[in-house]
Structure formats: structure tokens, C-alpha cells
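Pasting in a structure now, in C-alpha cells, and then I'll have a few things to ask.
The values are calculated or read from the model by the stated rules, or taken from the named source; none is laboratory data. Just so it is clear, the model here is predicted, and its values are computed rather than measured. Methodologically, a virtual Cβ is constructed for each residue, glycine included, from the backbone with ideal geometry; neighbour enumeration extends over all protein chains shown.
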Amino acid sequence: MSRRSLLAGAAATPLAATLLGSTTAAAQEGFQVGVGLSDVTGPAAECGMMGYSMPQQQTAGIHQRTRARAYIVATSTARIVYVNADLGALFQAVHQGVLARLAEKYGDLYTERNVLLNATHTHAGCGGSSWYAAYNLSILGFQQQTYDAQVAGIAEAIEQAHDNLAPGTITLGRGELTDASVNRSCTAFELNPQADKDHFPLSIDPAVTVLRFTQGGRDVGAIAWFATHGTSMTNGNKLISGDNKGYAAYAWEHGRGTRYLDGEPAFVACFPQTNSGDMSPNLNLKPGSGPTEDEFENTRIIGERQFTAARTAYDNAATPVEGPLDFRFCYVDMSKVTVDGRFTPDGKQHTTATAAIGVSMLAGSTEDGPGLPLPEGVRNPFLDALGGMDAPIPRALADAQAPKVVAVPFGAMKPYPWAPDVLPLQILRLGQLYLVGGPAEYTIVAGLRIRRAVAAELGAPLENVIMQGYANAYSQYVTTPEEYDSQQYEGASTLFGRYTLPAYQQEFARLAAAMRTGASVPHGPVPRDLSDDQLTFQPGVVVDSPPLLKRFGDVLTEARGSYRRGEQVLVEFVTGHPKNDLHRNGTFLEVQRLDGERWVRHADDGDWATKYRWTRTFLAESKAAITWDIPAGTPIGKYRIVHTGDAKSLTGTTAFTGTSRAFVVS
């Protein structure tokens, strides 16, 4: 039997006694590790952004490209895949699309059981990749370009990690970070029992957990978990950005000097969420406020604090990750779970409810930014096509969701629910570490209770169980029953009623028990495939046209002859619509430096110091404004700005390039 066949078999079967019997062998054998990175940036103009549910917030350029970062760990008997992507949410449609693409290439080597996909929860990325209407309302429906970019980018990152698998080691480091988050829902948090609150004396989860990946003694990657929302960028921002966690990853990857070795990323760093449902980076509890009043600077500072804490834990990581790889996965209809009394506050049996949102959810989070309501007189054609939001609320549903005052019964909408109810639950084991993959935003106490339930079943230390939120699908928030009663934004967004969290505790404990005994787990119901039921009302590109007497790529605003470090270069070009070509794994701009007789790339639209802004100037005419804030350490020399774009005519799309004058940086 070939090695690949053996691994495929391991991924496709429950492992059971085989895995239990291989624990010692796996520990002695060691791991193969691989890392990968790719681009998931969607349309850089006129695409609704995912996170704040603001119809007016449509992309109009790029501050930093969004990325997917993949890690594969393998032994001769099993392997696991972990992906963190700079997305607002990892929607179930994308999960299904990635798994279908992996199946085409690898057969049953990588499946829903051993692949965990999750999102950083940036609120500055492209929306429209869900198959469920609730998450496309403000985006005017499904956006095929966004979906394709996310599926392709995630799959490519996994493929890259697969291709560079090599013997390696993993070590575990820990730390704390107390100045990058604040509890935005203390009113609800205070309703929890004292024992829960005592676990978080600052009302935040300060835990920083880091994995350090090496190949042949060379550092190749890091995963750094920490709970804080991706909302440093406000709902007034229209530039694509990975927000604070995207900056943290960028700072680590670009601060190492060499970005690529033999065409592969030299180092891949990601900053996933844990239980960040009530954790905000806006330290002054106002959108865009804290530590400063500048959203870009806040993004950088909160990202830098995460990077610094993670790097300290990484440098001190001395605990080898050893032991077997394992995984359990199932689908559960979270709207129909009967919850045993040992998981409920009153010790009695309860059931979850059909999905619904509460009235206070519509107001949004006042600490991070309000959302959904439309300005007076503005119509939403996507919402109109769905029949509007004024659906009848059955008395039984109202009672089941109490004390929530139901605003929209997502789960009862026709012809299909507006939010998923059949949801993926997963536990991955990496040696002594356990990742609990849940498809929602869990508050810190909700995450704590799930971790306790899993740790108790596995006999594992609590600190070795990580609540991995935003995983494999998205279904809004999960609060404790006590928090739910206050019906803050998070409670009103807890879809399946007061006993949503106890249901998760029960179902994750079931997976943990199966992992402990080596038992298999029933697959559960099959989630819907709604790929053929999507609508979009976002206009596409008809044609691009340059202004009179101008050509695409012409410079409208020219660079000066010289600049000093710390100054900003601005160049504007005649351009076409960014939707004509996303330039995924490419760039719309280059800052080029003269090296001898060659112009070489110095920065692009993935760099922090650059911004690419797109503006429609008249009907089919548009311009690209490119800025470069010259960093303090920039080498003295001669530079220029280059813009690459694409123009659509009635006969096709044509690529073009525009170049500024050369200028001196001193």
C-alpha cells in the first residue's frame, strides 16, 4: 500500500482502536508539518462589506489584501488541516466549496472530518459568500466573485501546505494580553455565576496560546489564538483590510526579512479568534475609539500588541506538542436539540428553538458599530425579492425564544431559512492540545463552559482545550442562558433560544466522549446545498471609458520630484473597474525602486504603507488614487508608482499599466 493510500484511509475512517493503539507510536514517530498562504481578496469596488450589515459600506479600494493561511500536521496514520482566513465569517457555503475542491484533487485524504476552516472576523472584507439570506441582505445578494475568491484562496493555501510537508516539530507557548480587548457587554457578563466571573477577573479573556512550527530546525509558521473582535476599522471604512489580526500577521511575516524561499512563503503567521463574542478592540467602547481616535492607527496598535504578545510566547515556547492526531465531526440541527438537565442552569430538560433574532440585534453593537436598518426611503431589492422581513411570528416560537422579543424568525422564513440550522461541530486533537470548532461567536463565559465540558470528558487540563469560534460555518452568537436573559446585542443574536449554549455543551461533550473511547460518531443530517437558489441585485460592470483625450493608465495627478521619509506620495490614474480582474495573488499597484538599471518591486497593495482607492468619476469613468506613506526606514533612492488595471469594452477586457514619474526619497 502506498503512503498516500494509507493516509487517505486514515482520514476517511473513524480511527477508533487503530488510533488508540498508535498513540505511543505517533509520539515516537514525530510529525510532518506544512504551511501555505494564498489570497482571498474579493472585488475591490462596489461589493458590500461583511460584518456591520451597512448597505452603504461598499468596497472602494484596498488597504491590505486578505489572506488564507493553512497548516497541515501529519503522521503515518492521520493528518489534520487548520486554516485561518481574513474573512468576516467562514460561511457554510465556502466550507462546502473548499471540501468539494479538495475532494476533486485529493480524494478522501482531506474531508470535513479532519479539515477545520475558520475566520479572523474582520469587518473590512468582501461579503456575499453565504448561501443564506440573512448574511447577504446588506450586500444585495450572493456575490459569485467573492465566493470564488474565498474558495480558491483557501484551497490553494491547503494545496501549498500539502506540497511542502516535511518532518518538523511543534512547540507550545502561552502568555497573556490585557490591553487589546474590552468587554463590550458587561451588563450581560455580570449576570453569570460568580465562579464564572472569577475565571475572568478583568472581564476579558487575556489568554494568548501559540504554536511554533519548524521544519529541519527552521521556523516556518505560527498560530496565535487571542480573543478580540475584528472591528478596529469602523463601518465608515471602505478599504479592504484584515483589520487588527490581519496587521498582526503582516507584521510578523514581513518583519522577518525574506518573504519567500524557492517560491514558497518563508514564514506563515495567523491570529485566529477564540471566544470573542463580547470582546471588542475599541478600548473606549465607542466605534473607532481606543487607543486613539484614528481607526487605522487603532488597527495597527491593537495588531501590534497581539503580535508582540504572540512573539514573546513563541520565543519562550518550550513545551513539545507530542502525541496522536485525532478528530471527531458531526452535523447537528441546532434548532431541534433536546438538552439534558446536567447542562442547563435549572437542572431540567429543555429544547432549542427555531432560529430567530431579537429586536435589540437590529440596533447593532453600539460599542463596535450599528448596522442593518436602511435609511428612510431606501429600498433593498434583494430584501423585496425575498418578500420582506415582516413574517408572522408564531406564538410557540415567541414562547420558545423568551425573553427575547422576536424581530425576524430567520428559521421560519420561506422558501428556505435565512440562516443555517444544520451546523458542523468538530474537535481536533493535536497531541495534548484540543481545538473545539464551533460555528458561531461565543462569549468568553460561553466558551469557558464548553471548554469545561470537553475537558471533563477528555480528562484534559482546561488550558489545553481551545474554543475555536467562527469555524466551518456561521450562525451568529452564543451567550450563556444568564446573558441571554438581558437581551443585549449578543443575546438577541443568539439564534436558537435561551438553551443554545447548553445544547452546544452537550453536543461537544458527546464528541469528546467519542474521542476518549475511540468510538465513531454518526454524521448527522446533511446541510442544504443552496447553490442554485441564489439571487443578486448588485450591478456588474457594463463598460469602462476613459475621459475625453485620455487613455487608461494615464496619470491624472503626478508625483513630485522628491520626498522625505514620513511624507505621503499621491498619484492618480485613469483606470477601469477592479471587478474586471481581482488580481488575486497579484496587485493593483507597485512602489518600484531603481536597483542599478532595473526597477524592482518595493511594496504593493498588500503592504501597510500603501492604499489603493477606486472612485467612479462619471458614468463609466473611474480613477485610481494610490498613496504611499513612506516609512521611516525606507532606503534612500529613486522610486516610482505603477498601477496595473483592466478595462472592459463591448468586445472584451484589456489589461493596462500606468507609471508615474520617477522621484527621489531622501
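Being in a loop (DSSP other than H, G, I, E, B) and either at pLDDT below 95 or within 26 Å of L211 (Cα to Cα) (or both): is that true of Q28 here? Give the steps one after another, and end with the answer.
Working: in a loop (DSSP other than H, G, I, E, B): no; either at pLDDT below 95 or within 26 Å of L211 (Cα to Cα) (or both): yes.
The answer is no for Q28.
Confirm whether F656 is touching a Pro at 6+ places or on another chain (Cβ under 9 Å) and assigned by the TED database to the domain that holds L594. Reasoning before the result, please.
Working: touching a Pro at 6+ places or on another chain (Cβ under 9 Å): no; assigned by the TED database to the domain that holds L594: yes.
It is false that F656 is touching a Pro at 6+ places or on another chain (Cβ under 9 Å) and assigned by the TED database to the domain that holds L594.
Now a separate question. I'd like the residue in segment 330-352 that is assigned to a loop (DSSP other than H, G, I, E, B) and farther than 13 Å from P481 by Cβ and, out of all such residues, is nearest to the chain's Cα centre (by Cα).
Going through segment 330-352, the residues assigned to a loop (DSSP other than H, G, I, E, B) turn out to be 334-337, 340, 344-349, 352.
Then drop every residue that is not farther than 13 Å from P481 by Cβ, which leaves 334-337, 340, 349.
Numbers: M334: 22, S335: 25, K336: 28, V337: 27, D340: 33, Q349: 35 Å.
Only one residue fits best here, namely M334.
Oh, and also: Could you please give the count of residues in segment 393-450 that are among the β-branched types (V, I, T), buried (at least 22 other Cβ atoms within 10 Å of the Cβ) and not in a helix (DSSP H, G or I)?
First, the residues of segment 393-450 that are among the β-branched types (V, I, T): 393, 405-406, 408, 422, 427, 436, 443-445, 450.
Remaining after also requiring buried (at least 22 other Cβ atoms within 10 Å of the Cβ): 406, 408, 427, 436, 443-445, 450.
Those still in the list that are not in a helix (DSSP H, G or I) too: 406, 408, 427, 436, 443.
Of the residues in that region, 5 qualify.
List pairs: first residue in segment 330-354 and without any contact (Cβ under 8 Å) to a residue 12 or more places away in the chain, second residue of a type in the set (V, I, T) anywhere in the structure, Cβ distance under 9 angstrom, at least six positions apart or on different chains.
Q349/T338; Q349/V339
This table checks each residue for (1) of a type in the set (A, V, I, L, M); (2) closer than 17 Å to G469 by Cβ.
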site	(1), (2)
Y52	no, no
I62	yes, no
A70	yes, no
V94	yes, yes
N114	no, no
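Here is a yes/no grid of residues against (1) in a strand (DSSP E or B); (2) in contact with a His (Cβ under 8 Å, 6 or more places away or on another chain); (3) surrounded by fewer than 24 Cβ atoms within 10 Å (Cβ to Cβ):
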position: R69; (1), (2), (3): yes, no, no
position: I80; (1), (2), (3): yes, no, yes
position: N84; (1), (2), (3): yes, no, no
position: E104; (1), (2), (3): no, no, yes
position: D108; (1), (2), (3): no, no, yes
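What are the pairs with Cβ atoms under 6 angstrom where one residue, in segment 633-662, is within 28 Å of G540 (Cα to Cα) and in contact (Cβ under 8 Å) with a residue 40 or more places away in the chain and the other, located anywhere, is assigned to a strand (DSSP E or B) and of a type in the set (D, E)? Sequence gap at least six, or different chains.
Taking only residues 6 or more apart or on different chains, the pairs are V642/E590; T653/D646; A655/D646.
Let me ask you something else. Of (1) modelled with pLDDT of 90 or more; (2) at negative phi; (3) not β-branched (V, I, T), P392 satisfies all except one. Which?
Going through the list (1) modelled with pLDDT of 90 or more; (2) at negative phi; (3) not β-branched (V, I, T), P392 breaks only (1).
Here is a follow-up. Hey, could you check segment 594-614 for residues that are assigned to a strand (DSSP E or B) and under 27 Å from the mean Cα position of the chain (by Cα) and say which is surrounded by the most Cβ atoms within 10 Å (Cβ to Cβ)?
Step one: filter segment 594-614 for residues assigned to a strand (DSSP E or B), giving 594-595, 598-604, 610-614.
Now narrow it down to the ones that are under 27 Å from the mean Cα position of the chain (by Cα): 603-604, 610-614.
Details: A603: 22, D604: 20, T610: 24, K611: 22, Y612: 26, R613: 19, W614: 24.
Only one residue fits best here, namely Y612.
Which members of segment 124-154 meet the condition of being in contact with a Gly (Cβ under 8 Å, 6 or more places away or on another chain), part of a helix (DSSP H, G or I), over 15 Å from G540 (Cβ atoms) and at pLDDT 95 or above?
Y135, A149, Q150, V151
Follow-up. Give the residue, chosen from A227, A251, that is in contact with a helix residue (DSSP H, G or I) (Cβ under 6 Å, 6 or more places away or on another chain) and either assigned to a strand (DSSP E or B) or not aromatic (F, W, Y) (or both).
None of the other options fit; the residue is A251.
Which of the residues spanning segment 575-593 are among the hydroxyl-bearing types (S, T, Y) and crowded, with 24+ Cβ neighbours inside 10 Å? Walk me through how you get there before you give the answer.
As a first pass, look at segment 575-593 and keep what is among the hydroxyl-bearing types (S, T, Y): 575, 587.
Scanning segment 575-593 gives a single hit, T575.
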